[in-house]
Structure formats: structure tokens, C-alpha cells
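Below is one structure, written out as C-alpha cells, with a few remarks after it.
Every number here is computed from the coordinates shown, using simple stated rules; none is lab data. These figures come from a predicted structure and were not determined experimentally. For neighbour counting, all protein chains shown are included, and Cβ atoms are generated from backbone atoms with ideal geometry for every residue, glycine included.
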Amino acid sequence: MLIGSIDIGGTKTMVGIVSPDGQILSKLQFNTERSDPKAWITHSCGRLKECIHSLGYDLKELSGIGVSLPGIVNRERNILVRTVYPEWNNLRAVELVQRLLGIHKVVIDNDVNACAIGEMYFGHRDLYRNYLWVTVSTGIGGALVCEGRLIRGYNGSAGEVGHMKVEFDHPLPCPCGQYGCLEAHGSGTAIKHYIEEEIRNNRIFSDLFDSLGLSKDAAGCARLAKDGNGTAIEIYRKAAVYIGRGLGYAVNLLNPEVVIIGGGVGSSLDILKDGILGTIHKTVNPALLPVDVVRTRLGYDAAFLGAAALVIDQMKTE
Ligand SMILES: [Zn+2]
């Protein structure tokens with residue numbers, strides 16, 4: 001059995017072939033061209049064909065294709081309802097992939113939902129049955145698994161912790177249109193904002209990035225924090241406290257046994273974890289503790305593997 005995977009993110013797209021036990025047999029990654037979504041799906045399907053042919057197989061040998069998309073997905077109507085890229089709204093993604101590749105079983109979902117399902121099949125697997133899966137990267141997204149089942153909610157957005165309010169006195173604007181959201185205060189974008197604020201009055205900090213050839217963003221700041229730079233550690237601590245605040249609300253409401261963290265900033269969980277856990281412990285009803293915060297086992301490929309897991313998950317319920 002072979003599964004096709006298409007993971008379209010806001011900046012990168014991955015396509016490839018995955019085995020039922022989560023081995024990546026073939027994968028291509030390229031930057032997402034967002035201006036024409038139908039043309040982009042067509043291009044991605046073409047690259048998927050390259051992947052299957054490179055393994056010496058044909059499309060008809062695929063058991064199905066999973067597609068993860070960066071927005072709200074309506075699984076009954078099989079469309080991408082809403083994204084931050086308006087031209088992608090109401091994209092009939094399933095119909096398009098079915099027609100382009102001649103494969104009936106095409107399953108779509110939101111990228112973070114796909115990550116949470118991927119964790120179930122290929123990551124921590126049966127270790128946890130109640131968890132919140134949170135991606136911390138440019139933005140912050142979340143998905144909720146209860147008793148081994150993904151909870152989608154009314155329009156597919158259950159578990160989206162990124163827009164809980166975590167700052168009321170000095171709220172920053174969020175891409176969702178609100179102010180003070182976790183995404184605005186604890187994401188990679190927020191960390192970049194804190195760096196920019198700091199270097200306005202701290203030339204030494206700015207020069208440090210330059211002298212080491214580091215970008216003035218979350219990744220560069222993580223490197224400095226890991227090297228013991230106090231200012232960088234403080235910036236990460238600030239983000240961690242906000243993340244802990246948002247997760248604390250979620251833990252009170254949902255009672256997960258663990259929060260699984262993915263995403264580019266999430267890969268620096270070692271420097272975030274104390275701040276996150278410290279804040280959770282101050283925020284959460286002690287009866288719900290302990291709750292651990294761990295890294296995904298799927299790494300950078302979480303949404304790509306998650307897309308493949310969507311197919312397995314659907315086959316299981318048929
Ligand atoms: Zn928001």
C-alpha cells in the first residue's frame with residue numbers, strides 16, 4: 001500500500017509518497033506560489049506523479065491521496081473554506097485532485113488537524129489519547145484529540161489556541177483582526193517583533209546577530225539563547241510565558257494529558273519549556289496537573305506525514 005501526500009503551506013509545498021507505517025519513500029519540496037490556487041494544485045499533482053514514477057510505480061498503485069491545507073476546511077463539502085490568502089477561499093480541492101490524478105480517494109484537512117492525526121499514526125502513536133497539538137511557527141495553530149479522536153468542532157477549527165487572548169494591557173494586533181491573541185504575542189512573528197524592539201536601544205545585541213551571521217528572527221534568537229545570551233533568553237522567556245498562558249486556558253477547558261508542540265519555533269522547545277510549564281502551573285487548576293509539554297516526533301515533516309495519515313484515518317472509519 002502506498003499513500004500520496006500533498007502538504008500545501010503558506011510558504012512551502014511538499015509532495016511525496018508515504019508507506020502505511022509512515023516511512024517517507026519519496027518527497028519533493030518547493031516554495032508555494034499562491035497567486036493561482038488551481039494552477040498550484042495542478043503543479044503539485046504533476047510533481048506527485050514524478051514522485052510515484054521515481055519509485056517505479058504508477059498512480060493506480062496509490063491507495064489514496066491526503067492533502068493538508070493552510071486554512072479552514074469543510075470536510076463535508078470537500079473545500080478549503082477560508083484562508084489568510086483570499087484567492088484560495090472556497091477552493092474545491094478534492095474535486096480538483098480527483099480529476100487531475102484520476103484517483104477517487106482524496107482526503108483533505110486543515111494542516112494542524114493533519115499534524116494531530118499524523119502524530120496518532122506515525123508519531124507518539126498510542127502513547128497519548130488526549131492531547132492538544134500546537135504548532136508554533138510564524139503563526140500559532142492548534143488541534144485537539146480526545147479519546148484518540150480528532151475533535152473538529154462546528155467548522156473544523158476546534159483547538160485553535162492561537163487566538164485566545166493572552167495580553168490585555170498592551171495587546172499587539174493579530175492577523176485574525178483581533179488584538180492580544182497568543183499568535184500575536186507568542187509566535188515566531190512576535191519573537192521577531194521583540195528582537196526589533198530590543199535592537200532599537202541595544203546596539204550590542206544587534207551587532208551580535210551581525211557578527212555571527214544570524215538572521216534577526218526567531219531562529220537567530222534561538223541560537224543566541226542556546227549560547228547563553230541573556231537578552232535572547234529573556235525574549236524567548238517572554239514568548240514562553242504567553243504560550244504558557246494560552247495553553248493554561250486550554251488545559252483548564254480540555255484536560256489533555258500532554259501538549260505536543262511542532263513548528264519551527266516549537267523545535268526550540270528546550271528553551272521555551274520552563275517558561276511554558278511555569279506559567280501553566282500558575283494558571284491551571286491543580287487537579288488537572290501534571291500536564292507535560294513535549295515535541296512532536298514528526299519534526300519538520302509533521303503536516304506532510306499528517307496528510308498521508310488522513311487517508312489511513314479515513315480508511316479505518318469506512
Ligand atoms: Zn488572532
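Taken over the range 194-318, the convex hull of the Cα atoms encloses 128 Å³ per residue. A straight chain from Lys60 to Asn31 at 0.36 nm per residue would run longer than the Cα-Cα distance by 7.7 nm. Springs join every pair of Cα atoms under 10 Å in this Gaussian network model of the chain, and among Asn90, Asn110, Asn202 the largest mean-square fluctuation is at Asn202.
Evaluate the Kirkwood expression for the hydrodynamic radius of the range 36-177, namely the inverse of the mean inverse distance over all pairs of different C-alpha atoms, and round to one decimal in Å.
For the range 36-177, inverting the mean 1/r across all distinct Cα pairs yields 16.8 Å.
For the range 125-296, lysine pairs separated by 8 or more sequence positions, or belonging to different chains, with Cα-Cα distances below 26 Å total 17. Using only alpha carbons, the range 1-105 has a radius of gyration to Kirkwood radius ratio (Rg to Rh) of 0.95.
Electrostatic tally near Ile140: other residues with Cβ closer than 10 Å to its Cβ, Lys and Arg +1, Asp and Glu -1, net -2.
If you take the Cα centroid of the range 269-289 and the Cα centroid of the range 154-198, the two points sit 19 Å apart.
At 0.36 nm per residue, minus the direct Cα-Cα distance, what do Arg75 and Lys316 gain on full extension? Give it in nm, one decimal, please.
So the extension gain works out to 85.1 nm.
Sorted ascending by nearby beta carbons within 10 Å, beginning with the fewest, Tyr154, Tyr57 become Tyr154, Tyr57.
Could you please report the charge total around Ser63, scoring K, R as +1 and D, E as -1 over all other residues with beta-carbon less than 14 angstrom from its beta-carbon?
With Lys, Arg at +1 and Asp, Glu at -1, the neighbours total -2.
When the Cα positions of Val145, Val291, Ala190 are compared along the charge dipole of the range 125-296, Val145 comes out farthest toward the positive end, with charges on each C-beta of Lys, Arg, Asp and Glu.
For the chain, the direction-averaged projected area of the alpha-carbon convex hull comes to 16.8 nm². Amide H to amide H distances under 5 Å link Gly64 with Gly4, where only residues 5 or more positions off or on other chains count and H is placed in the peptide plane. Computed on the Cα trace of the range 125-296, the radius of gyration divided by the Kirkwood hydrodynamic radius gives Rg/Rh = 0.99. When only alpha carbons are used to place a centre, the range 91-151 and the range 1-19 end up 12 Å from one another. Take each peptide in 252-258, 68-74, count the other Cβ atoms within 10 Å of every residue, and average; sorted highest first, the result is 68-74, 252-258.
Taking a Cβ cut-off of under 12 Å around Gln314, the surrounding Lys, Arg, Asp and Glu residues balance to a net charge of 0, with basic ones at +1 and acidic ones at -1. Just to be sure I understand: of the beta bridges DSSP finds with both ends in the range 125-296, what percent are antiparallel, rounded to 5? Taking every DSSP beta bridge within the range 125-296, about 55 percent pair in antiparallel fashion. Using the Cα coordinates of the range 69-148, the gyration tensor eigenvalues translate into equivalent-ellipsoid semi-axes of 25, 17, 10 Å, sorted from longest to shortest.
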